[in-house]
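Shown next, in structure tokens, is the structure this report addresses.
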């Protein structure tokens, strides 16, 4: 099966000095393939390179060396509208001053499908309504975004991404502003999209247990380098995590409640706990 996303010896470095960056950063040569329908988790401490990887995949920045392929085509050669149809990003949060309703925000996800028009059609509105229903914000459609809670805004942004109908969904800390109920619903939605639509998901997460629960493989980054890439059982290793995060952790193995394609029912699902100082 051909990879949906392929990075071939990709490097990137921010210029020095760079605005709002106190320290130089360089992404070491990264070679990586993401299969169609895979859920890949990207984890690591702050300044490890997680956000840089998102920016590279969405062409906010371009590699200083190497090549990125999307669907077998060079990412650098894709028209902007085509890239927006293929890749949707759910950021951690929207700007506070964003004067649109929920429905208007979600309909923005339809723009890449016909950039030359001024108004959405009935089919666009139906797709937007389905996306809002899937994320639990349909009843909020007429409300301004400024009136929503942080969790509601996050779900509205996820609905916009679904309305794009992408092949690759990039989630940047999708549960950061959600309470426990909506964290569970978000995880369930990601699983359902992956299972029913075979949607490929790249999940950037600080929550290692969330990543272990949802992802087929984990990419652990440390200071711009790959510390390890593999199934959660191999990546979430006590000694490795201590070295990368610089703190003491305990990794427990539990039976996998809901096995994925890469983890059989008898596999051990790792759970990470911080060993708090006494």
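We did not get these values from a lab; they are worked out from the coordinates using the rules stated. It should be emphasised that the depicted structure is a prediction, and the values quoted were computed from it without experimental measurement. Glycine also receives a Cβ, built like all others from the backbone with ideal geometry; neighbour counts cover every protein chain displayed.
Only helical DSSP H runs with n ≥ 4 go in: add -39500 (n - 2.57) per run for the chain, normalise by residue count and round the 222 nm mean residue ellipticity to 500 deg cm²/dmol. Please report the intermediate quantities before stating the final value.
Numbers: 9 runs with 86 residues, N = 278.
Computed ellipticity for the chain at 222 nm equals -9000 deg cm²/dmol.
Using a 10 Å cut-off around each Cβ, can you sort 170, 249, 102 from fewest to most neighbouring Cβ atoms? Numbers along the way, then the final one.
On the way: 170 22, 249 18, 102 28.
Lowest count first: 249, 170, 102.
Using the Kirkwood radius built from alpha carbon pairs, what does the Stokes-Einstein equation give as D for segment 174-223 at 4 °C and 1.567 mPa s, in µm² per second? Can you show the working numbers first?
On the way: Rh = 11.7 Å.
The calculation lands on 110 µm²/s.
Given a 10 angstrom Cα cut-off, can you work out which residue in 60, 42, 187 is the most mobile in a GNM of the chain?
60
What is segment 72-143's relative contact order, in percent, from Cα pairs under 8 angstrom and six or more apart in sequence?
Details: 32 pairs, mean separation 26.4, N = 72.
About 37 percent, as a whole number.
At a 10 Å Cβ-Cβ cut-off, how would you order 103, 165, fewest neighbours first?
Lowest count first: 165, 103.
Could you check which residue among 156, 211, 141 shows the biggest mean-square fluctuation in a GNM of the chain with a 10 Å Cα cutoff?
Maximum fluctuation in the GNM of the chain, among the listed residues, is at 141.
Can you give the angle from 0 to 90° between the axis of helix 122-135 and the longest principal axis of the chain, with both taken from C-alpha atoms, to the nearest 10?
That helix lies at roughly 40 degrees to the long axis.
Which order results if 62, 269 are arranged by neighbouring Cβ count within 10 Å, fewest first?
Details: 62 12, 269 20.
Result, fewest neighbours first: 62, 269.
Calculate, in whole percent, how much of the Cα-Cα pair population of the chain lies beyond 32 Å.
Working: 9958 of 38503 pairs.
Counting every Cα pair in the chain, those more than 32 Å apart make up 26 percent.
Provide, for q = 0.18, 0.19 Å⁻¹, the log10 of I(q)/I(0) from a solvent-free Debye sum over equal Cα point scatterers in segment 1-146.
One equal scatterer on each Cα of segment 1-146 leads to -1.19, -1.23.
May I have the pair-distance distribution P(r) for segment 214-255, computed from all Cα-Cα distances with 10 Å bins from 0 and rounded to whole percent?
Histogram of Cα-Cα distances, whole percents per bin: 28, 57, 14, 0.
Given the C-alpha centroids of segment 102-180 and segment 200-236, what is the distance between them in whole angstrom?
Computed from Cα coordinates, the inter-centre distance equals 26 Å.
Given an 8 Å cut-off on Cα distances and at least 6 residues of separation, report the relative contact order of segment 110-200 as a percent.
Values: 56 pairs, mean separation 25.8, N = 91.
About 28 percent, as a whole number.
Relative contact order for the chain using alpha-carbon pairs under 8 Å, separation at least 6, rounded to a whole percent? Write out the running numbers ahead of the final one.
On the way: 516 pairs, mean separation 61.7, N = 278.
RCO, the chain: 22 percent.
Give the Rg (one decimal place) followed by the Dmax (whole number) of segment 106-223, computed from C-alpha coordinates and expressed in Å.
Expressed in Å, the Cα Rg and Dmax of segment 106-223 come to 15.0, 48.
Between 199, 132, 108, find the one with the highest GNM mean-square fluctuation for the chain; connect C-alpha pairs within less than 10 Å.
Checking each option, the largest mean-square fluctuation is seen for 108.
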